[in-house]
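So the structure is just underneath, and the comments pick up after that.
The values are calculated or read from the model by the stated rules, or taken from the named source; none is laboratory data. Quick caveat: nothing in here was measured; it's all calculated off a predicted structure. We place every Cβ from the backbone using ideal geometry, glycine too, and count neighbours over all the protein chains shown.
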Amino acid sequence: MKTSTILFFDTSQVGAGVLLSREGSKYTLHAYQTIKFGTTEGDAALEALFTAAAAIKHGHNEKTGVSAEQPCGYDRRGLSIRAKANGVIGVLQSYARRFELPWRGEIAPGTAKKALTGDGRAQKPAMVWYANIIFGLTLKLPADEHAADACGGAMAALSGQYIVRNCGGRTTKAFKEKQREPKGPQGRLL
């Protein structure tokens, strides 16, 4: 059975990165790190996580990639957060290119919550509790809430639940046409 590995980031100003693998239904947490983006310490943490991910990929795990949480919110505060997070995503994509790791896409926050807790509207205490139980961590609120978000996002990414997927520069016309095909009562293609 093939092992898939993802380096996933919560793109908050003080976010987190998680290096997670899955083989079948078994998850292995290789590393997690709180990251203050735009600082010397943050750059060192990014360097360490990307180096570890590249080592896993070059150890014959071709299914290694990088992903991040999609920024959300359309009010004034949300738009400001989106602008900052999109800047962080740009930095992450440049690191991915430098370390020859493919950019897989972005995950919605609700999808990350659902992957970890089973509830797309879970609160931070539930996210931290589930991350501690599933991965044997000792995360605490509020310091490690972004690490818990990143754990959920990594689980969703390993399941392929992207909302913005990198198509490698190819057009997504075929995908859009497939989405327009008629579907049966349970959403399956007819």
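So in the stretch 139-169, with the set limited to residues that are assigned to a loop (DSSP other than H, G, I, E, B), of a type outside the set (Gly, Ala, Ser) and more than 15 Å from Ala16 (Cα to Cα), which one is modelled with the lowest pLDDT? For the stretch 139-169, the residue satisfying everything is Cys167. Of the residues in the stretch 133-144, none is closer than 23 Å to Lys63 by Cβ and buried (at least 22 other Cβ atoms within 10 Å of the Cβ). Of note, Gly65 satisfies the criterion of being surrounded by fewer than 22 Cβ atoms within 10 Å (Cβ to Cβ) and touching a helix residue (DSSP H, G or I) at 6+ places or on another chain (Cβ under 9 Å).
Of all the listed residues (Ser21, Ser12, Ser4), the sole one being hydroxyl-bearing (Ser, Thr, Tyr), modelled with pLDDT of 90 or more, more than 18 Å from Gly136 (Cα to Cα) and within 17 Å of the chain's Cα centre (by Cα) is Ser4. Can Asp10 be described as of a type outside the set (Gly, Ala, Ser), without any contact (Cβ under 8 Å) to a residue 12 or more places away in the chain and surrounded by 13 or more Cβ atoms within 10 Å (Cβ to Cβ)? So Asp10 does not fit the description; no. Can you find a residue that is among the β-branched types (Val, Ile, Thr), surrounded by fewer than 15 Cβ atoms within 10 Å (Cβ to Cβ) and modelled with pLDDT of 55 or more anywhere in the stretch 172-180? No, the stretch 172-180 contains no residue that is among the β-branched types (Val, Ile, Thr), surrounded by fewer than 15 Cβ atoms within 10 Å (Cβ to Cβ) and modelled with pLDDT of 55 or more. Can you say whether Ile81 is surrounded by 15 or more Cβ atoms within 10 Å (Cβ to Cβ), under 22 Å from Pro102 (Cα atoms) and either touching a Ser or Thr at 6+ places or on another chain (Cβ under 9 Å) or β-branched (Val, Ile, Thr) (or both), as far as the supplied structure shows? Criteria not met by Ile81.
All told, Lys2 meets the bar of being touching a residue at least 12 places away in the same chain (Cβ under 8 Å) and surrounded by fewer than 19 Cβ atoms within 10 Å (Cβ to Cβ). Restricting the stretch 80-130 to residues that are part of a loop (DSSP other than H, G, I, E, B) and of a type in the set (A, V, I, L, M), the residue that is farthest from Ala157 (Cα to Cα) is Ala122. Only residues that are touching a helix residue (DSSP H, G or I) at 6+ places or on another chain (Cβ under 9 Å) and either among the β-branched types (Val, Ile, Thr) or at pLDDT 95 or above (or both) were counted in the stretch 73-99, giving 6.
Of the residues making up the stretch 1-37, those that are closer than 15 Å to His146 by Cβ and part of a loop (DSSP other than H, G, I, E, B) number 4. The single residue among Glu41, Glu47 that is under 18 Å from the mean Cα position of the chain (by Cα) and part of a helix (DSSP H, G or I) turns out to be Glu47. Within the stretch 57-79, the set of residues being hydrophobic (A, V, I, L, M, F, W, C) and not in a helix (DSSP H, G or I) comprises Val66, Ala68, Cys72.
Taking the listed residues Gly15, Gly24, the one that is touching a residue at least 12 places away in the same chain (Cβ under 8 Å) and surrounded by fewer than 14 Cβ atoms within 10 Å (Cβ to Cβ) is Gly24, with no other qualifying.
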